[in-house]
Structures are given as C-alpha cells and as structure tokens.
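Presented below is the structure to which this report refers.
The values are calculated or read from the model by the stated rules, or taken from the named source; none is laboratory data. Since the model is a prediction, treat every value here as computed from it, not as a measurement. When we count neighbours, we look across all protein chains shown, and the Cβ atoms used for this are built from the backbone with ideal geometry, even at glycine.
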Amino acid sequence: MSDTATLIKMEGVKKVFLTDEVETHALEEIHLEIKKGQYISIAGPSGCGKSTLLSILGLLDSPSDGTYMLNGQPVGKLTISERTRIRNREIGFIFQAFNLIGDLTVYENVELPLTYRGTSSAERKQKVQNALERVGMAHRLRHYPSQLSGGQQQRVAVARALVGDPLILMADEPTGNLDSKNGEAVMELLRDLHRNGATVCMVTHDQRYANFAERTIHLFDGRIVEETKEAGVSV
Amino acid sequence: MGTIGQDIRYGVRMLVKHRLTTLVCVAALALGIGVNAAMFSVAEAFLLHPVPFENSDRIVALVDSRPSQGIDTNSVSPVTYLEWKAQAHSFDKMGAYVWDTINLTGDREAEKAQAFAISPNFFDLLGVHPLMGRTFLPEEDQVGKDQVIVLSYGLWERRYASDPLILGKKIKVDGKTLEIVGVMRKGFDYPKPAEAWVPLSFNAKQRTIRDSRYLWVLAHLKPQVSVQQATAEMRTIAVQQAEAYPDAYKGWTLRVLTIPNFATDSLTRQFTFLLLGAVGFVLLIACADVANVQFARVTGRHKELAVRTAMGASRSRIIRQLLTESVLLSLAGAVLGLLLAMWWVYLIVSHMPPEVAKFIAGWNTIRLDANAFLFTLAIAISSGIVSGIAPSWLHSETNISETLKESGRGASTGPSRHRLRSVLVIAEIALALILLVGAGLLVKGFRALIVVHENFRPATVLTLNLDLPEMQYKEKPGRTAFYAQVLQRLAALPHVQSAGLATYVPYAGGGGTGVSPFTIEGRAPEERGETPSTIVETISPDYFRLMNIGLRGGRELSDSDGDATPPVAVISQNVAKRYFSGGNPLGKKLKIGKADADSPWLTIVGIVDDVHYTWVDKQEYPTIYRSYRQAPPFYTSLVLRTNGDPLTSVSAVRSAVGEVDPDLPLFDVLPFDRVITNSIVGIAYVAAMMTILGLIALVLASVGIYGVMSYSVGERTHEIGVRMAMGATSNDVQRLILRNGLFLTIVGMAIGLPMALGIAYALSSILFGVRVADPFAFVALPLLLAAVATVACYLPARRAVRMDPLTALRYE
C-alpha cells in the first residue's frame, strides 16, 4: 500500500443514542476519508459529536448506520471481540484525562497494549523502552502516574499509544488538561510523530491546536459542516 | 503464563492498596472456608473412611431392618447367618461378629475389656494382618478349640507393657484360660472399640436359633460382583427364608450396606449432612458479602477497566483479571481459614470424652489431611469465582467511550447491578435466618434433654458397671447373693445415702437398652410379628427412690419379692396408658416374651413415672421393672446416691465390691451427670456448632447489609443533596435509607422463614424436645436478626443525614 492509500473511509455514518425512549442523533451522514500518514483534526463546539465520531473511528463505539472501512476492511459491524483485537493492534489512543492506571508504573502502563496482544516479555521490554525514549520519558520507568506532572503523564500516554506500532493515533483533546506550555509540547510531539510517518486523528476545540493538522473537519450538530486544509483553506 | 503472573501481581497490589476491604473479605472468607474445612474433616472421617482398613469398598454388611418399628439396622440370628453363608454366591468370604465384654483376671488387676467374638476368617475378610503372631485358624470356631485370643495393640501396650514374648502366654478371661496367639497392629480396633478378639463358636443349640438376633455379618464381594447384584441375590435368599419361617422373619427386611454406611449410623450421617449444609450456607453468605464488596470495589475502578478495554483487553481478559483478584482474596481467606479449621478441629476432637470417642467410627481419623487441604483449595477457588463472577461480568459491560470522557461516570450504577446486590443481601438474610432458627431449635432441644434429667439430681449419683462371669455365676442364687451383699456393703459406706442396681441406667452406654416382646395375660395374641415390646429393667427395690422415679399407683418392688414369692413387676405409666387404657393394670399379669415363651407370668404391683432412656427417642419407651431377686442379671449397673461429689466414694466402692469378689472388674465408673452429658455429647456438639454457625451468619449478614446500604448511601450522595436542598429533613433522609434496608431484610426473612420451618419439621422428627412452633426460634431469633439488620442500616443512614447538602450537590 502506498503512502497515500486510504486508511479510513466512512460513508453515511450515523449514530443514534436511545435513552429512556428519547432518540438523540449524535452523528448524521458522516462521509470521511483519511489517508495513511495524514494528520487531521476534528473541531467543533461542545456537544457537536466530535468525541462520538472519534469513538467510532477508534472502534470504542459502533455506528448506528453507514459503512466504516479501516485499512480496507469493513469494521462497522464487527463483534466486540473483533473490535477489541483491531483496537489493540491498529489504533493508539491518547485521552484528555491521560487515563493512565494509577496503580501501574509508567513501564506497566506503556506495556499494557502489548500485554493484551500476547507479546513476549523480552519484546515488550524493548518496545516499551523505545516508546518511552521517543517521548523522553525513559528515565521514569518505575514511577507511578501520581509522581509525574500532567505533561509527563500525557507523554507517557503518548508512549502507550505508540508502543504497539498502530496504524493510526486517535487523540481526544490531548491538551485539554494541560497548561499552554505542556500543551504546546504535546502538540509538538504529535507533529514530530506525524512527520515520522504516523497517521494522527485528533479531536480538539482549540483552533490553535487544530492548526497543527493538515486537515480540519468541522462538526456542528452531528454533521460535517466544513473541512479546511493547512493555512485555513476551506474545501 | 506471563500474563497470569501480571494479573496476580496486580491483584496483590490492589488487595494491599485496599487493606480494609481486603481484611473484611479475608475475614469473612476465612470464617466461611474455615468452618467448611473443619466440617469436611469431620464428614470425611464419618462418611468416607470410618473404618481402619483399606478395602472397605468391597466389603458389605448384611443386616436386618424392621421399618415398622423404625429399626433400620439390626443384627441377625445364627441360623440366618449360616444359611446365608451356605447359599450366597456373591461373596468370596462371609464372617460374623458378636459384642462380648470380657473380664481379664488372674495375672494382673481385674479389668474389663471390650472384646468381639469373631468368625475365624474375619481378619482375612477385612484384609488385615496381625503385628505379631497369627489370627484364628478355621478349626478354632469349634467349641473346645476356641481357647485362644488376639489382643489389640492398645491392650497389649497398656496391660502387658508391650511384652515382645507375649505370644503363647495364657491369660484368664471370664474364668477361662486362653492362649494369646496374636497382636493386631496399632490403630486397628474394628469393630469399634475392640480391645481383643476371641473366636466365635456355635454350639448345637445356637445353630438352630432363628429369632434371636445378635450376630453382625460382614461379607467380601467377589471380583466383578457389584453391591446391587449382591443385594438382589441376598434379597432372594431372604424371601425364601421368610416364606419358610414366617414367624421368625415377619416384618424384617434384609439390607446390604456398604461399610461406611454401616459403620456410621444414620443419625450421625443426618447430623453430619445437616452441619455440612449449615457450613455451606455460611460460605454462601461469606461469598455474598465478598461479592458485594467486589461490586463496590470494581465500581470504583470502572475508569481503569475502560482504559484496559480501550487498550485492547478483551471482555474475558477483564473478567480474568477481576476473578484473579477475587480468587487471590479467597486464597488468602483459605490460608487463614485453614488455621481456624485446625483450631476448630482441635476443639472438636479435644472436647469429646475419651469414653465416648472410642465408640465413634472414624473419630480417631478426624484431622486436616491432604484431602481437607485439597477440598479447601477447591472451595477457595470456587468461592473466589462465585464471589467475583457477577461483579466481573457486569462491570466488563462498562460503556467505555462514555467512561473515558473527562467527567464520564461510565455505566457503573446500572439497575441490574442494584438488583443483583439487593438479591445478594436478601439471600444472606434468608440463609442467616435459616441457620439461626436451626441453631435455636437445636439449642432448645439440647436444653430439653438436660432438663428432662434434672429430676434425677444426677450430680450426686455414681454409676458403675459390672459383668458377672457366666461360668462363676451360672446359678441364680449365686448372682442374687452377690448383689445383695454388694448393695448392703455399698449402702453402709460413708457419704453414700443409698445404693441400687439396674440393668439399664438411662442414657448409659449411648442410650442403648434393647427391647423385648411381652404378652398380656388374657389378651388375644397379637398379629404375627406385631408383639408389643418393652424395655425390661431388673432393679433393686431402692432404685426408684434413689433416682426420684415417682410411684403413680400400687407399690414399689421390695426385698421380700424373692425367688420364693410370686413373680411381680412394676410398669411405667407408658405401659399402663398404652396397653391398659380404660382399666386398672394393677393385679393384671404379663410375661416377657411371646405367649408361648418359657418365662413366668408377672403380676403388676405398681406403676411408676416414665423414664427417658435415650436422646434419640422422641417419646418415653414402655418399661417393665422386675426385682433382681427374682431375675438376677449378669450385666448390671450399680447406682449410688452420695452426699456430695460421687467420685470421692470410688475407691471405697471398689473395695466394697472387691470384698465380695476380688476378681470382678468395675468399669465405666462415672458420675451420672457425666453419663448423661456423654450420652448427649453428640447433640451438644451439633447444637454448639450450629450456634457458632448461626452467630457467624448473623455477623456476616449484618456486614453484608451494612456494606450494601453504605455503598447505596455513597451512590445516592448527589440525590440526597438534591433532596436536602429541596427541603428534606434529616428524618426524611434517614427514613429513606432505613426503608430501603429494612425492605431487603423483610423480603429475606419472608423467604427464609418457610425454609426454616422445613428445617424445624425435619429436626422435630429426629430430636426430642424440638417443637416446630417454637417462639424462641420463630419470633425471638427473627427479631434479633431484624434488630441487627436495622442497626446495620441505621449507621449508613446516620452518615447520610450528616452530609453537608452543598458538598453532596457537588458530589459526582
């Protein structure tokens, strides 16, 4: 597959939540294509459906309707265990709240995706070391999350997302819990990863950080209302 | 394996982190697992290996039973045994034994020993070999060639100082000289509590006896023959015998029992199963407690679990992680539980009086052995899975995308989780109530057994047994003279108020009395096989007054009722009511045995109070009393009313009896209250254990309801804040929490009470003094449970009303 091959393709994706007999249409007619190596951001106001879209893109949730192809495979209707397997091998997550497990060390947190993949201990050790070196946290292996600053925690979370060599990194408001300095640092880190070939899909409501991406998808009331490319060019 | 190691490491870390809940869970599981391990050891000894030999699965006991009289296991007559032996093809060996107490005299101080007369092939049948010497030769079952004896290891060690040259030595047994031909290995005491074995021989008359049942028959199955096949064959033979001799077999049914079923009586089995059920309940309550704690703990970790899921952990992997933690918890409980079990087993074994323990099949083998360890491991793992599966399963369904949001609370408080936790508490309350009621009924039954004997004032009565050797005391006058002299001497001793004798002291010898048929003069013969039966007591005249057995009509027996006067009898009220209703039995005549029996007609001269002989009997058994001067027994118990501690008179009593016959050993010398407590020690054990289990259940159930209500208050903090902001008073909030908890309690009790009633019916059918409609069990104990549950609900409710509404409103 060439660098410009389509990694993600969504057509007519909808998401409807049913709660207490009330239908909430979170996403409507989403058509989206992401090529390998692209860095895209999903922007929009609070409640517009961007996190829902990221959840579906990350196979944390499934669409109510429409088709979703990941790396050429339809993944919209997979079973839970199939989704789990793909998520583990092909997607790396970075969350706003870092979501590191407080009772695991830095090493164990980063090791987690490899553990569920059945990677051998020696290989895990090497990969964890590499991932932590990439984010500059190799010197904090035995620390617990509570012993790290917010920025350091998010770096560890990035290392965890990277460690399994995923096809795409999904970042949900990765700077939302950081001060501007640490936020900038994390964004620089993501840009470096992209420059080295990583495909990145990021949700953000901050326009400054959205501009780090090659493309920005603007959502409003569950629909894509605009797409801009670098330097604010609308498509 | 590596990932399991990770799960274990992380599990240990989590348990250490949440020390308090870990401690509560470990303590609950330790109690549950500990009582199960201890009870397993007891049940294993009673039910699985109650006999001291290996191949018991190929050995069966052939017994008679008489369902119409509730007799499920009875010995058989010699001729029945001999015919079985000749006709049965299912067995390669068949043997028999008879209880036989022997007096060892001559070389050392006279001593009574428990012996068994056994067929020569008995040891071979059991597959056991002597430590020294030999067992019996085939020809030694013939009268005249049977002057040999095999000693138990214990008797050899105790009486003969482990003399290595004992074989071939002659000893005096019941006045006869027997040669010691063998010593059995240590620990072999079958039939329990054998101290010696002598050959079983039949004279010509005995070989024709068909309706006197005193032989216990064992048989070894041929290879490839099953117990069912042997049973079918033996039933065919038994039917043929019954058709040929209907008088002897009417109402009797042959049963083929495996050795464990034979060695451990049905009541012991029933109570063992009762206690196994009770400890199972306790473990279930403990598991429900731990499951509730796990629910709370796992709910607090919903974000962690969502992260794991996002990272690619499958549902099964999450469940495995959580189950690993819960199994670790239960294994920790098992370690502590094993220590508790060791202590409980020690308490159980050490509190059993040795004079009782020696009769209990399997008692010597009660210990925490490898099987108990494996059982504990199995129940620990099962408990871990049982207590962890529901929390793990439900929490593995967490909505991860919602949970992973910055303020996401996940789906931790779904209604299914609430329902399941409520169901667990309801089950705990129901099980605890059943155990409490069961314990209450057993304690009441036990107390009733104690109370029923208070009239005897047993603390100042000394009892001792003696067995006159048949050869020396063959003639009636000799026996009468012996007893008269002994009673005279005993009555003259200082501190002795009066002395008497009776063939059966109530509750002595485990309450076994033996019953005889009797016939009332002038009554039409009963239908064949339906002759009324009675305990026949031979007593001295002082016995009634000595034991405070009240005279209800006529007169007592007197010393003038002798061999030269008409034979007389005193009957119990039970006989009067049951067989002379509507008439005065005084002056009527009856005889022991059937109408054609060669025994004298006895004139009824008095009626006395009923006496309860054994805890097994729900009602007093009919009893006929005769004078020892008219029917002097060989075996009897002496009873002495003393001024104080009866044991202070023991040496004087031994001297007094020794003056009359120095070779006569006295045995089972015990205060009467000890005889009674020994007799009911089994039920005392069951009552004590049930009480402990009931209390444990009460504590665990209250911990369970406290945990759930406490968690519920935590979960409803925000709601409580809103209610308080809207004007709810402290009382309103308290009522809200209490109502919820008490609703669960009431539902649990409503489910538990009918089940407890079933237990009450079952217990009342097997135990004296247990009433189904017992107010203590069915009113007081449920109220106690409700009160404890109310306190367990009140504490979280009090916490709820102390909340600051503003803080509560901010609570997420």
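Consider the stretch B:308-335 and keep the residues that are in contact with a Phe, Trp or Tyr (Cβ under 8 Å, 6 or more places away or on another chain), assigned to a helix (DSSP H, G or I) and facing chain A (nearest Cβ under 10 Å). The one that is surrounded by the fewest Cβ atoms within 10 Å (Cβ to Cβ) is B:R317.
Taken together, B:V181, B:V217, B:V128, B:V148 contain a single residue that is in contact with a helix residue (DSSP H, G or I) (Cβ under 7 Å, 6 or more places away or on another chain), over 24 Å from B:Y473 (Cα atoms) and not charged (D, E, K, R), which is B:V217. Taking the conditions (1) more than 30 Å from B:G127 (Cβ to Cβ); (2) at pLDDT 90 or above in turn, B:V227 satisfies each one other than (1). Restricting A:E23, A:E33, A:E29 to those that are in contact (Cβ under 8 Å) with a residue 24 or more places away in the chain, over 13 Å from A:G222 (Cα atoms) and surrounded by fewer than 18 Cβ atoms within 10 Å (Cβ to Cβ) reduces the list to A:E33.
Could you tell me which of the residues B:L338, B:L305 is buried (at least 21 other Cβ atoms within 10 Å of the Cβ), within 14 Å of chain A (Cβ to nearest Cβ) and touching a residue at least 60 places away in the same chain (Cβ under 8 Å)?
B:L305
Screening the stretch A:137-175 for residues that are within 12 Å of chain B (Cβ to nearest Cβ), closer than 30 Å to A:G72 by Cα and in a helix (DSSP H, G or I) and picking the one that is nearest to the chain's Cα centre (by Cα) gives A:A161. Residue count for the stretch A:77-90, restricted to those that are out of contact with any helix residue (DSSP H, G or I) (no Cβ under 8 Å at 6 or more places or on another chain) and more than 8 Å from chain B (Cβ to nearest Cβ): 6. Scanning the stretch B:561-581 for residues that are touching a residue at least 24 places away in the same chain (Cβ under 8 Å) and among the basic types (K, R) gives a single hit, B:R578. Between B:A372, B:A378, the distinction of being part of a helix (DSSP H, G or I), without any contact (Cβ under 8 Å) to a residue 24 or more places away in the chain and either assigned by TED's automatic domain parsing to the domain that holds B:S314 or closer than 23 Å to B:I33 by Cβ (or both) belongs to B:A378 only.
Scanning the stretch B:404-449 for residues that are at pLDDT 70 or above, in a helix (DSSP H, G or I), over 29 Å from B:A762 (Cβ atoms) and touching a Leu at 6+ places or on another chain (Cβ under 8 Å) turns up B:L420, B:S422.
Let's see how each residue does on (1) away from chain A (no Cβ under 14 Å); (2) in contact with a Phe, Trp or Tyr (Cβ under 7 Å, 6 or more places away or on another chain); (3) not aliphatic (A, V, I, L, M):
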position: B:A27; (1), (2), (3): yes, no, no
position: B:G34; (1), (2), (3): yes, yes, yes
position: B:F46; (1), (2), (3): yes, no, yes
position: B:P52; (1), (2), (3): yes, yes, yes
position: B:T80; (1), (2), (3): yes, no, yes
position: B:A96; (1), (2), (3): yes, yes, no
position: B:W99; (1), (2), (3): yes, yes, yes
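Checked against (1) surrounded by 20 or more Cβ atoms within 10 Å (Cβ to Cβ); (2) more than 25 Å from B:K17 (Cα to Cα), A:G136 passes all but a single condition, namely (1). When B:V345 is tested against the conditions (1) buried (at least 18 other Cβ atoms within 10 Å of the Cβ); (2) within 20 Å of the chain's Cα centre (by Cα); (3) not in a helix (DSSP H, G or I), the lone failure is (3). Within the stretch B:264-302, the residues that satisfy the criterion of being within 14 Å of chain A (Cβ to nearest Cβ) and either in contact with a Leu (Cβ under 8 Å, 6 or more places away or on another chain) or part of a helix (DSSP H, G or I) (or both) are B:R297, B:V298, B:H302. Only a single criterion out of (1) more than 30 Å from B:Y483 (Cα to Cα); (2) not in a helix (DSSP H, G or I) is not satisfied by B:V669, namely (1).
Identify, please: which residue in the stretch B:450-472 is among the acidic types (D, E) and under 30 Å from B:A113 (Cα atoms) and is, among those, modelled with the lowest pLDDT?
B:E470
Scoring B:S382 on the criteria (1) surrounded by fewer than 20 Cβ atoms within 10 Å (Cβ to Cβ); (2) over 24 Å from B:S702 (Cα atoms); (3) at pLDDT 85 or above; (4) not aliphatic (A, V, I, L, M) leaves a single failure, condition (2).
Residues considered: A:S41, A:S51, A:S62, A:S46. Of these, the only one that is within 12 Å of A:T204 (Cα to Cα) and in a loop (DSSP other than H, G, I, E, B) is A:S46.
If a residue must be among the aliphatic types (A, V, I, L, M) and closer than 16 Å to A:H31 by Cβ, how many such residues does the stretch A:55-72 contain?
Of the residues in the stretch A:55-72, 4 are among the aliphatic types (A, V, I, L, M) and closer than 16 Å to A:H31 by Cβ.
Table: residues versus (1) within 14 Å of another protein chain (Cβ to nearest Cβ); (2) among the hydroxyl-bearing types (S, T, Y); (3) in a helix (DSSP H, G or I); (4) touching a Gly at 6+ places or on another chain (Cβ under 9 Å).
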| residue | (1), (2), (3), (4) |
| --- | --- |
| A:I101 | yes, no, no, no |
| A:E111 | yes, no, yes, no |
| A:T115 | yes, yes, yes, yes |
| A:N130 | no, no, yes, no |
| A:N177 | yes, no, no, yes |
| A:A185 | no, no, yes, yes |
